[in-house]
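The values are calculated or read from the model by the stated rules, or taken from the named source; none is laboratory data. In this text, all values refer to a predicted model and were calculated from it rather than measured experimentally. Here the Cβ positions follow ideal geometry from the backbone for every residue, glycine too, while neighbour counts run over all protein chains shown.
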Amino acid sequence: MSGGRLMVDAGAARGASGAVEKSYLILGALPAQGWIGAAEVARRTGLPRSTVHRILGLLADLRLADRHLNGYRLGERIRDLAVQASGIRPSALRDRLLPYLLDLYRVTNHAVLLGVPWDGGVLCLERLHGHHGVHLPIRVGSVTPPGGTAMGRVLLAFADGPLVAGPDGLRQDLGRVRRTGIAAELGGCRPGVASLAVPVWGPGRRVAAAIAVAGPAGGLDVPAVSRALRRVGHAASQAVARRSEARAG
């Protein structure tokens, strides 16, 4: 009897291990952006299509994969797990700053974004927009290269240490961001879209996040948006400081 129980348990363990390994292979084949079909996943992994279809369905139910008419990609839960492993607490920061983001959206009536530095890029924690706002290729949970957005340039400009190496134009722009406290960008993330961003300061005058406003290049009132951004950035920095002091106390 005990021998039979041992054989059943060992078989179950082998089956679970196989399922985990297959899930790992499938997740490794999925893109972070864009979509691929189950047939392509099967080709990349060498797994049978029936197995791929079944596991993709389970991964989608767990939000480890996103499912769409165009196929599959890595899900938001994967991004959440990666961020947790990095030590960043995005949900707490996002919840703390959301009222300020809402105020900024109401004042400007343009898309508002919140981003933090993560793994050499910019992790988008929040994006507020209306029905008729500009279409941005930045979604909550996505990581974008830092040089092509106003948020990224703010984070680069105020990162610890000297300015990053790069094209002279980028270095000059980062120096200007340091002097003025605000970044401007035109067409970097999407043609015809302009954005402005300011830092949110954390403890020790270290940049904790960036807040940006994005809108059509011809319809963004730069002086008015800049004033609103500076006010909100200052208020958000004070909120982060109060939170840090409360936790320290």
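What to note about this one:
- Of residues in the stretch 136-156 being within 19 Å of Ala217 (Cβ to Cβ) and touching a Lys or Arg at 6+ places or on another chain (Cβ under 9 Å), the one surrounded by the fewest Cβ atoms within 10 Å (Cβ to Cβ): Pro137
- With respect to (1) modelled with pLDDT under 85; (2) in contact with a Phe, Trp or Tyr (Cβ under 8 Å, 6 or more places away or on another chain), the lone exception for Gly71 is condition (1).
- Boolean, Leu47 is surrounded by 14 or more Cβ atoms within 10 Å (Cβ to Cβ), modelled with pLDDT of 90 or more and assigned to a helix (DSSP H, G or I): no
- Applying the condition of being charged (D, E, K, R) and either at pLDDT below 95 or part of a loop (DSSP other than H, G, I, E, B) (or both) to the stretch 205-238 and asking which residue is nearest to the chain's Cα centre (by Cα) yields Arg206.
- Look at the stretch 185-204: where a residue is more than 12 Å from Leu155 (Cβ to Cβ) and modelled with pLDDT under 80 and a partner is among the polar types (S, T, N, Q) and surrounded by 13 or more Cβ atoms within 10 Å (Cβ to Cβ), sitting 6+ places away or on another chain with Cβ atoms under 6 Å, you get Gly188/Thr149; Cys189/Thr149.
- The stretch 74-93, subset modelled with pLDDT of 70 or more and in a helix (DSSP H, G or I), residue nearest to Ala236 (Cα to Cα): Leu93
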